[in-house]
1. For the chain, set up a Gaussian network in which alpha carbons nearer than 10 Å are linked by springs, and say which option among 61, 201, 82 fluctuates the most.
2. Roughly how many Å² is the accessible area per residue of the stretch 244-311, as a whole number, for a 1.4 Å probe?
3. How far, in nm, would the chain grow between residue 337 and residue 108 when pulled straight, counting 0.36 nm per residue and subtracting the alpha carbon separation?
4. Add +1 for every Lys or Arg and -1 for every Asp or Glu among the other residues with Cβ under 9 Å from the Cβ of residue 34, and state the total.
5. What are the GluC sites (Glu not before Pro) within the stretch 66-159 that DSSP puts in a loop, where the Cβ has at most 16 other Cβ atoms within 10 Å?
6. Just tell me, in residue order, which DSSP H segments of the chain are both 15 angstrom or longer along the helix axis (alpha-carbon based) and at least 0.5 in mean Kyte-Doolittle hydropathy.
7. By its C-alpha gyration tensor, with a ≥ b ≥ c as the square roots of the eigenvalues, how is the stretch 98-221 shaped: rounded for a/c under 1.5, else prolate for a/b larger than b/c, else oblate?
8. For the stretch 209-261, what relative contact order do you get, as a whole percent, if you take Cα pairs closer than 8 Å and at least 6 residues apart?
Amino acid sequence: MTIAHDDVRVDAHTTTVSTMSMAAALNLALADAIEHDPEVVVFGEDVGALGGVFRITDGLTARFGEDRCFDTPLAESGIVGTAVGMAMNGMRPVVELQFDAFALPAFEQIVSHVAKLGNRTRGGVRMPLVIRIPFGGGIGGVEHHCDSSEAYYAHTPGLTVVSPSTPQDAYSMLRAAIASPDPVIFLEPKKLYWTKGEVDTSVITEIGTARVAREGTDVTLIAYGASVPLALETAEVAASEGRSVQVIDIRSLSPFDDEAVTAAVRSTGRAVVIAEAPGFASVASEIQARVFERCFEYLEAPVRRVTGFDTPYAPPKLEHWYLPDVDRVLDAIDSLHWEDES
């Protein structure tokens with residue numbers, strides 16, 4: 001059968017439930033999409049025989065042939081430009097841009113064409129295109145191999161921007177992204193590729209929806225991508241100190257689920273936003289502003305942010321100082337004007 005959510009179609013012929021890594025879940029989503037939709041093609045640098053630098057496309061060329069999963073020259077602008085032409089002519093390209101900062105040579109194509117063609121043609125030309133980008137830190141990568149550029153894409157009207165934090169969402173959101181009639185920037189947290197969880201292939205994650213990752217009554221931690229496990233770890237530590245911490249995984253940076261986030265913050269009266277990217281003019285800034293606008297009369301304290309620093313990304317040996325950690329988040333929670341503390 002085909003399951004539809006707001007003009008998103010996902011074929012669900014076969015249901016399987018198994019435990020796998022996020023990398024394996026993404027691979028399975030690509031394989032299922034290729035198998036069930038002849039319009040889907042996957043391409044990028046080293047995605048063929050090598051299976052991608054993170055092995056997300058491992059085995060796809062051997063299984064489906066070079067017409068469906070193939071390597072490209074080292075030219076990100078050319079990769080995205082080719083995908084634009086394919087999408088304009090009825091195909092559903094899924095491209096991999098090998099690392100977050102490697103995507104920047106294609107940024108003009110993404111902003112000027114991918115994001116705007118639908119509006120430019122008044123919907124006459126749709127852009128069913130997915131751009132997969134491994135992003136964020138936590139792997140000790142050198143410069144240009146670890147970056148958090150999500151704000152550039154979320155700031156661009158016409159782009160859907162999502163980031164999963166679990167293998168289940170990795171599978172379900174990628175299937176939904178490929179089925180979408182409009183362009184999706186699919187940000188894959190590099191340091192979560194090897195985390196494992198249960199994946200049910202019949203579950204559909206609707207783009208634009210947040211989820212409650214943990215219930216709590218004292219404070220809401222708002223996170224996405226690789227910051228979600230950090231938020232959950234912090235919630236465990238805080239629980240041992242007597243704090244009940246709620247965790248919201250926003251999943252979809254754009255469109256943003258204001259309703260779910262607003263309800264969560266109103267229920268606790270306190271909020272901390274966590275993200276790896278620098279804090280200035282960031283997605284975290286936007287979330288903080290939206291929470292203030294919608295929840296001001298419910299707040300017991302200012303909304304705090306715990307982010308990366310406003311510097312170029314740190315070298316591998318200094319990365320742990322740059323990225324948010326449990327202690328920094330706990331410090332932010334402790335600053336939220338608790339009545340039982342002086």
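1. In the Gaussian network model the winner is 82.
2. So the stretch 244-311 comes to 40 Å² accessible per residue, rounded to a whole number.
3. Roughly 78.0 nm would be gained on extension.
4. -1
5. In loop regions of the stretch 66-159 (DSSP not H, G, I, E or B), the sparsely surrounded GluC sites (Glu not before Pro) are 66, 143.
6. What comes out of the filter, once short or polar helices are dropped, is 22-36, 76-88, 227-240.
7. oblate
8. So the answer I get is 53 percent.
The values are calculated or read from the model by the stated rules, or taken from the named source; none is laboratory data. Worth saying up front: this structure is predicted, and the values here are computed from it rather than measured. For neighbour counting, all protein chains shown are included, and Cβ atoms are generated from backbone atoms with ideal geometry for every residue, glycine included. Please note that ligands, DNA and RNA were not included when accessible areas were found on the heavy atoms of the full protein model with its side chains. Shrake-Rupley method; radii C 1.70, N 1.55, O 1.52, S 1.80 Å.
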